[in-house]
Each structure stands twice: as structure tokens, then as C-alpha cells.
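Colleague: Okay, handing you the structure first.
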Amino acid sequence: MTPADAVVWAIIVAMGIGTFALRFSFIGLSGYVEDVPPWLERALRFVPAAVIAAIVFPALVLVDGSVTVAGNDRLLAGAVAAAVAWRTEDILATIVAGMGALLVIQTVL
Amino acid sequence: MPGLPADFHAGARDVAPTLLAVFPFGIVAGAAAVDVGFSLLQALGMSVIVIAGASQLAAIAVLGAGAPAVVVVFTALVINLRHLMYSASLAPEYRDEPVRVRAPVAYLLVDQVFVMAALKFDADAAVDRRWYYFGLGVPIWLTWVAGTAVGAVAGAAVPAWLPIEFAVPMVFLALLAPAVDDRPRAVAAVVGGTVAVAGAGLPLNLGLPAGALGGVLAGVVADSWWSP
């Protein structure tokens, strides 16, 4: 069933407003309300590392929703890419290594 | 783009390789939208108005499954809760800026932009907070919208054997190394990733925010352990 035009637009606009509100929240208020307390600032130092790992780990480890090690092409390709990432800290090299490894593994195995 | 400050170009240079992942991610989003019945304009409108790929794909999937509009929006916003953390994390950098700068900063606050800006600001106190950020955000925006358009028009033509969406975790994998530059941050990453995997079965993609929160808490504990 195809959703009605107006419904789709309403969803898009509501998602856009809500998402912008989440993004603007603290940035918008900064300086107008009390500053971020030191304990929170200390905690926020860990956001990038925690978020990045929370994006990467499931993408590599999960196959159809369950943890899979043996025969997991993406985990193997990810391991190759991780080695390149740690040596080079280069995004392009990591993408090329990971995608290349995945294609090779899927073709050969 | 001549005439723009040097730090805009620095940001654009740094972000360039990630565009290789943003473009196919846009293709996936555009193709998925058209697949459930969006027009080209609606697919583009969603990418321009929302610019948050994971929530767009989830919303499209939930909508395609016949869920009511309220549930679709709720699902998307729960997935985007992590942006609250991003906003809090970058807020001190923009406390002296006017709203006309803060608003576009917030609009462009997608995963890659946040991670790359946070790492750069942490390492380089002198870099221009405005221009470097827009140097990251504007190319990502252009690429995301262009990818969506291509996906909406020609998505069905992408061969199934080409794992284009695998480029996204590869970008974050490359950013993980500079993000874990000390032991408490390594703890935050290991715990964050593990919790996200354990929580993958949770509804509404809640594994990601749960992992982020768990990782941050673990980092705080580890931090006070090693440097009381």
C-alpha cells in the first residue's frame, strides 16, 4: 500500500522539526543558560569513542541480528580494514581496504 | 570554492574521503524511499529536511510495513536521540556565536560531521570553529542530497553484489583510531560497542543510544579509576 502524499509530507516535516530540535537543543541554549557543569563536560569527552564503536561493532559482528564469528565475511573484511585504519588513520585507505577485502572474500569463499 | 577561509578548505579536505561512503548511503536512502512509494521530490525532501540516514531508512521501513504516521515519526526521533549528546558535546564551542551560525551548525550535525569536528576541536584549539565545521558539513550535505537523487532515479540499477552500504562502517572504523587516544576512551569504545551489540535486538534501534550511553558511563568510571 502506498501512503498518501500528504501523510508522507507530514511525516517528513515532523521528522525534520524533531531532529532539528534535538540537534539545536544544547547548541542553541549554550551561553543563555548556565554552562555545562564540569562533571558533564568530563563525561562528554567520551561521546565520540562510545558512539563510533556503537556504530561499528554491530555492523561487523551481527549477521541477521545474531553475533556471528565463523563464516562472517564482514567481520573478516572489517579486521583487514581495522589493520589498515590503525596503521594509516586514513579514511580513504580504510574504505578501499574494507570494500576490497569484502568483495574478494565474497568472490573467493 | 575560492574566497572562503582556509579552515573551510581544511575541513573540506579532511571530509573528502568520507564522501565515498556518504554517496552510496544516499543512494540506498533514495532507492528505499522510492521503493515504498515516495515521489522523487519526497525522497529528496526527506534527505534535505531530515538529513539523518539511519532514521530515514528506519522510518521508510516502518512506513512500508504499514505503521501509522505517529509511530513512524516516533521511531525516527528515538533513533536520533544521540544528536542530543552531540549537541551537548559541541555546545561550548558555539556559546559566543549568534543564532544565524548556531542554526546551520545544528542543521548539519550528522554523525560524520560531529565525530570529525569533535576530534579536530579536541586536538587543535586554534582551528576556526565556524569555518572548519562548515567545511565538513557542506560537502557532506551536497553529496548526501546528490546520492539520494541518484538512488531515487536509478536505485534499482545498483548491482546487488556490490556491498555499497559497507562503506559507512568503514568510515567510522577509520575514525575509531584517533578517537581512542587514551585508556579511558578505549574503555568507552569497548563497552559502547559491546553494549550496542548486546542491545541489537531492542526495538527502535535502541542498541545504538544504549551503547553510546553505556560507553560514556564506562569511560567516566575508568577515568576516575586511572586519574582520581
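Colleague: Divide by every residue of chain A the summed helix terms, -39500 (n - 2.57) for each DSSP H run of at least 4, and state the resulting mean residue ellipticity at 222 nm, rounded to the nearest 500 deg cm²/dmol. Could you put the intermediate results ahead of the total?
Modeller: Values: 5 runs with 81 residues, N = 109.
When only DSSP H runs of four or more count, the value is -24500 deg cm²/dmol.
Colleague: Continuing with this model, one more query. Let me check against my output: what whole-number percent is the relative contact order of segment B:1-124, with C-alpha pairs under 8 Å and at least 6 apart?
Modeller: Values: 54 pairs, mean separation 24.3, N = 124.
Computed over segment B:1-124, the figure is 20 percent.
Colleague: Can you give the mean number of other chain Cβ atoms that lie within 10 Å of the Cβ atoms in peptide B:53-60?
Modeller: 1
Colleague: Could you list B:129, B:183, A:74, A:23 so that the one with the fewest beta carbons within 10 Å of its beta carbon is first and the one with the most is last?
Modeller: B:183, B:129, A:74, A:23
Colleague: Helix-only mean residue ellipticity at 222 nm, chain B, DSSP H runs n ≥ 4 weighted -39,500 (n - 2.57), per residue, nearest 500. What is it?
Modeller: -23500 deg cm²/dmol
Colleague: Could you run the Karplus curve 6.51 cos²θ - 1.76 cosθ + 1.60 with θ = phi - 60° over segment B:20-35 and give me ³J(HN,Hα) per residue in whole Hz, x for Gly and Pro?
Modeller: Whole-Hz 3J(HN,Hα) from phi for segment B:20-35: 4, 9, 5, 4, x, 5, x, 4, 4, 5, x, 5, 5, 5, 5, 4.
Colleague: For helix A:5-29, what angle does its Cα long axis make with the longest principal axis of chain A, in degrees from 0 to 90 and rounded to 10?
Modeller: For helix A:5-29, the angle is close to 80 degrees.
Colleague: Could the peptides B:186-195, A:36-45, B:8-17 be put in order, highest first, of the mean number of other beta-carbon atoms found within 10 Å of their residues?
Modeller: B:186-195, B:8-17, A:36-45
Colleague: Using only Cα atoms, locate the centre of segment B:71-124 and the centre of segment B:12-61, then give the distance between them in Å, rounded to an integer.
Modeller: Taking the Cα centre of segment B:12-61 as reference, the centre of segment B:71-124 is 18 Å away.
Colleague: When you look at the Cβ of every residue in B:208-219, what mean number of other chain Cβ atoms sits within 10 Å? Intermediate results must be reported in sequence, preceding the final value.
Modeller: On the way: counts 4, 2, 1, 7, 10, 5, 2, 9, 9, 3, 2, 8.
Taking all residues of B:208-219 together, the mean is 5.
Colleague: Taking square-rooted eigenvalues a ≥ b ≥ c of the alpha carbon gyration tensor, is the protein assembly as shown rounded, prolate or oblate, where a/c under 1.5 means rounded and, failing that, a/b exceeding b/c means prolate?
Modeller: Since a/c stays below 1.5, the shape of the protein assembly as shown is classed as rounded.
Colleague: Can you sort B:39, A:30, B:224, B:87 by how many other beta carbons sit within 10 Å, fewest first?
Modeller: On the way: B:39 14, A:30 21, B:224 11, B:87 25.
If I rank by nearby Cβ atoms, fewest first, I get B:224, B:39, A:30, B:87.
Colleague: Using modelled amide H (1.01 Å from N, peptide plane; none on Pro or chain starts), what sits under 5 Å from the amide H of residue A:67, excluding residues fewer than 5 places away?
Modeller: Residues meeting the amide H criterion: none.
Colleague: Moving on to the next point. If we count other beta carbons within 10 Å of each Cβ, what is the order of B:86, B:94, fewest first?
Modeller: Working: B:86 29, B:94 21.
With the fewest neighbours first, B:86, B:94 line up as B:94, B:86.
Colleague: Within 9 Å, Cβ to Cβ, of residue B:5, how many net charges do the neighbouring residues add up to if Lys/Arg are +1 and Asp/Glu are -1?
Modeller: Details: positive: B:130; negative: B:7, B:128.
Here the count lands on -1.
Colleague: Please give the average number of partner chain Cβ atoms lying within 10 Å of the Cβ of each residue in A:68-75, rounded to a whole number.
Modeller: That average works out to 1.
Colleague: Once phi is turned into ³J(HN,Hα) by the Karplus curve 6.51 cos²θ - 1.76 cosθ + 1.60 with θ = phi - 60°, what whole-Hz value does each residue of segment A:42-51 show in order, with x for glycine and proline?
Modeller: With the stated coefficients, segment A:42-51 comes to 5, 5, 5, 4, 8, 4, x, 4, 5, 5 Hz.
Colleague: Enumerate the amide H contacts of residue A:36 below 5 Å, restricted to partners 5 or more residues apart or on another chain; note that Pro and chain-start residues carry no placed amide H.
Modeller: Counting only residues 5 or more places away or on other chains, the set is empty.
Colleague: Restricting attention to segment B:158-228, which chymotrypsin sites (Phe, Trp or Tyr not before Pro) occupy a DSSP loop and are surrounded by at most 16 other Cβ atoms within 10 Å?
Modeller: Listed in order of number, the matching sites are B:161.
Coordinate-derived values only; no laboratory data. As the structure is a prediction and not an experimental result, all values here were calculated from the model. Every residue, glycine among them, receives a Cβ derived from its backbone with ideal geometry; neighbour counts consider all protein chains shown.
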